[in-house]
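Only one structure is covered here, and it is reproduced in the block below.
Coordinate-derived values only; no laboratory data. Quick caveat, the model's predicted, so the values are computed rather than measured. Don't worry about glycine lacking a Cβ; one is built from the backbone with ideal geometry, like all the others, and counts go over all protein chains shown.
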Amino acid sequence: MVKIEVLVGSTRPNRFSDKPAVYLCEELKKEEGVEAELVDLKDWELPFFNEPVSPIAAKGEYKNPLVKKWAEKISEADGFVIVTPEYNHGYPGVLKNALDWIYFPWNQKPVGFVSHGGAGGSRAIEQLRQVAIALQMHPIQSAVSIPQEIVRGVIQNKNPDQPLSETFRPLREGRMDMVGRFFTELLKLAVVLKAGRSEPASKG
Ligand SMILES: Cc1cc2nc3c(=O)[nH]c(=O)nc-3n(C[C@H](O)[C@H](O)[C@H](O)COP(=O)(O)O)c2cc1C
């Protein structure tokens, strides 16, 4: 069994990010051997990073009790899906802040990125890959960029009663099944890295 946390990368009212995050979390729950949980940054009102020492030096001793809880929540996961919009060719500051607050709970875990934006959001993903490596995470090659037609349909509230499984169905259709490929890569790595984390560190 592996636990995957799906992070919602934007927190503004009327955001789009939470829709694909909820959809992907539900799809992950259908996968065998997977526990999935939505982790919405809106529910985690972390201040701008203001610890006197870096998270590496803090070694899990955080002054702010909310940060301690944040570290515990992230520690529970064996892997992550991060859903991010593109803001000014990057990713939202609220997401960087949530990543920066802690260090060790991210280590040696896979992460897959899902983006959206006027141009698909892939520039936000490319920047996040670099950040993930600094956090000793393992970004996977597959990514999901949500087509603008889907985003527009949701924002314009074209089908308000449509279930999310219908809204996002095109992501799973056709030869590509973007989501299927994405899950396969993420889950394989989550299993392997989970086993690796439980082994004593090699001296070699
Ligand atoms: C501050 C801001 C900057 C944006 N910059 C870009 C951008 O550089 N490229 C792009 O493709 N879309 C850009 N967009 C459009 C957003 O990516 C798009 O509206 C997305 O759905 C916003 O995500 P959210 O609704 O979850 O906040 C920007 C939106 C905002 C609010």
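What does the helix-only formula give at 222 nm for the chain: each DSSP H stretch with n ≥ 4 adding -39500 (n - 2.57), the total divided by the residues, and the result rounded to the nearest 500 deg cm²/dmol?
-11500 deg cm²/dmol
GNM on the chain, C-alpha springs below 10 Å: top fluctuator among S115, S54, S165?
S54
Using Cα springs under 10 Å in a Gaussian network model of the chain, which residue among P13, P85, P110 shows the largest mean-square fluctuation?
P13
Indicate, rounded to the nearest 5 percent, the antiparallel portion of the DSSP beta bridges found entirely in the chain. Write out the running numbers ahead of the final one.
Values: 1 of 24 bridges.
About 5 percent, rounded to the nearest 5.
Wrap a convex hull around the Cα atoms of region 37-125, take a quarter of its surface area, and give that in square nanometres.
Working: hull surface 24.2 nm².
Computing the convex hull of the Cα atoms and averaging its projections yields 6.1 nm².
Counting Lys +1, Arg +1, Asp -1, Glu -1, what net charge surrounds H138 among other residues with beta carbon under 14 Å of its beta carbon?
Details: positive: K109, R129, K188, K194, R197; negative: D78, E185.
So the surrounding residues net to +3.
Neighbour counts of other C-beta atoms within 10 Å: give me M1, M178 arranged from fewest to most. Intermediate values should be presented prior to the final figure.
On the way: M1 9, M178 19.
Least to most surrounded, the residues fall as M1, M178.
Could you please tell me the mean projected area of the C-alpha convex hull for region 72-170, averaged over all directions and given in square nanometres to one decimal?
Values: hull surface 28.3 nm².
Spelled out: convex hull of the Cα atoms, projected over all directions, averaged, 7.1 nm².
If Lys and Arg each add +1 and Asp and Glu each add -1, what is the summed charge of the other residues whose beta carbon sits under 13 Å from the beta carbon of N159? The partial results should precede the final answer.
Details: positive: K19, R152, K158, R169; negative: E149, D161, E166.
Charge balance in the 13 Å sphere: +1.
Going by how many other beta carbons lie within 10 Å of each one, how would you line up K73, K19, K63, fewest first?
On the way: K73 16, K19 20, K63 11.
Lowest to highest Cβ neighbour count: K63, K73, K19.
Between E26, E35, E149, which gets the highest mean-square fluctuation from a Gaussian network model of the chain, Cα cutoff 10 Å?
So, out of E26, E35, E149, the one fluctuating most is E149.
When the dipole is taken about the Cα centre of region 112-173, and only Lys, Arg (+1) and Asp, Glu (-1) are charged at their Cβ, what size is it in debye, to the nearest 20?
Working: 6 positive and 5 negative charges, 24 e Å.
So the dipole magnitude of region 112-173 works out to roughly 120 debye.
For R15, what is the net charge nearby, where nearby means another residue's Cβ is under 14 Å from its Cβ and Lys, Arg count +1, Asp, Glu -1?
On the way: positive: R12, K19, K42; negative: D18, D40, D43, E86.
Combined, the nearby Lys, Arg, Asp and Glu give -1.
Let me know the volume per residue of the alpha-carbon convex hull for the chain, in Å³. Walk me through the numbers before you get to the answer.
Details: hull volume 26.7 nm³, N = 204.
Here the figure is 131 Å³ per residue.
At 0.36 nm per residue, minus the direct Cα-Cα distance, what do K59 and Q156 gain on full extension? Give it in nm, one decimal, please.
On the way: separation 97, 0.36 × 97 = 34.92 nm, distance 4.61 nm.
Value of the extension gain: 30.3 nm.
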